[in-house]
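Colleague: One structure coming up, written as structure tokens, with questions to follow.
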Amino acid sequence: MQDILKALETLTDNELETLIERAEEILRERLAKVPLREDPAIGMWKDRKDMKDSAAWVRKLRQSAWPDRV
């Protein structure tokens, strides 16, 4: 962090202002992103009966498909 602060001290007022504006844009973009829990893809297979136990489903898939690939 100290290195960043030292580098900031070397910027002109205009460069520092531009950097701050860009940092604010980045922060707004991050805050605007949908949290993972609210992403529509999460839970899209919740009604599938064959995937109630996802770990068992993946294990079964790996046992049936992976030996053929190796």
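The values are calculated or read from the model by the stated rules, or taken from the named source; none is laboratory data. None of the values given here were measured: they were computed from a predicted structure. We place every Cβ from the backbone using ideal geometry, glycine too, and count neighbours over all the protein chains shown. Heads up: the accessible areas ignore ligands, DNA and RNA and are worked out on the full protein's heavy atoms, side chains in. Shrake-Rupley method; radii C 1.70, N 1.55, O 1.52, S 1.80 Å.
Colleague: Would you mind giving the three semi-axes, in whole Å and largest first, of the ellipsoid equivalent to the chain according to its Cα gyration tensor? Each step should come with its number before you reach the end.
Modeller: Numbers: eigenvalues 491, 71, 16 Å².
Ellipsoid semi-axes (Å, largest first): 50, 19, 9.
Colleague: Now, a different point. Given 0.36 nm per residue, what is the gain on full extension from Thr18 to Leu31 after removing their alpha carbon distance, in nm?
Modeller: Values: separation 13, 0.36 × 13 = 4.68 nm, distance 2.01 nm.
Extra length from Thr18 to Leu31 when fully extended: 2.7 nm.
Colleague: Further question: From the phi of every residue in the range 31-41, what ³J(HN,Hα) in whole Hz does the Karplus formula 6.51 cos²θ - 1.76 cosθ + 1.60 yield, where θ is phi - 60° and glycine or proline is x?
Modeller: 6, 7, 5, 6, x, 3, 4, 9, 5, x, 6
Colleague: How much length, in nm to one decimal, is gained on full extension between Met44 and Leu11, taken as 0.36 nm per residue of separation minus their Cα-Cα distance? List each step's numbers first, then the result.
Modeller: Values: separation 33, 0.36 × 33 = 11.88 nm, distance 4.86 nm.
Contour length minus the Cα-Cα distance gives 7.0 nm.
Colleague: In debye, nearest 20: dipole of the chain around its Cα centre with unit charges on the Cβ of K, R (+) and D, E (-)?
Modeller: Values: 14 positive and 15 negative charges, 232 e Å.
My answer is approximately 1120 debye.
Colleague: Just name one of Ile20, Met1, Pro35: the one whose Cα is farthest towards the positive end of the charge dipole of the chain (beta-carbon charges, Lys/Arg +1, Asp/Glu -1).
Modeller: Pro35
Colleague: Starting at the first residue of the range 43-55, write each ³J(HN,Hα) from the Karplus equation 6.51 cos²θ - 1.76 cosθ + 1.60 with θ = phi - 60°, in whole Hz, x for Gly and Pro.
Modeller: With coefficients 6.51, -1.76 and 1.60, one gets x, 5, 10, 4, 8, 6, 5, 6, 10, 4, 9, 4, 5 Hz.
Colleague: May I have the count of lysine pairs in the chain with C-alpha atoms under 24 Å apart, counting pairs 8 or more residues apart or located on different chains?
Modeller: Final tally of qualifying lysine pairs is 4.
Colleague: Show Asp50, Asp13 ordered by accessible area, largest first, where the area counts protein heavy atoms only and the probe is 1.4 Å.
Modeller: Values: Asp50 80, Asp13 120 Å².
Descending order: Asp13, Asp50.
Colleague: Another question, then. Report ³J(HN,Hα) in whole Hz for each residue of the range 13-30, in order, from the Karplus equation J = 6.51 cos²θ - 1.76 cosθ + 1.60 where θ = phi - 60°; Gly and Pro get x.
Modeller: 4, 5, 5, 5, 4, 4, 4, 5, 4, 5, 4, 5, 4, 4, 4, 4, 4, 5
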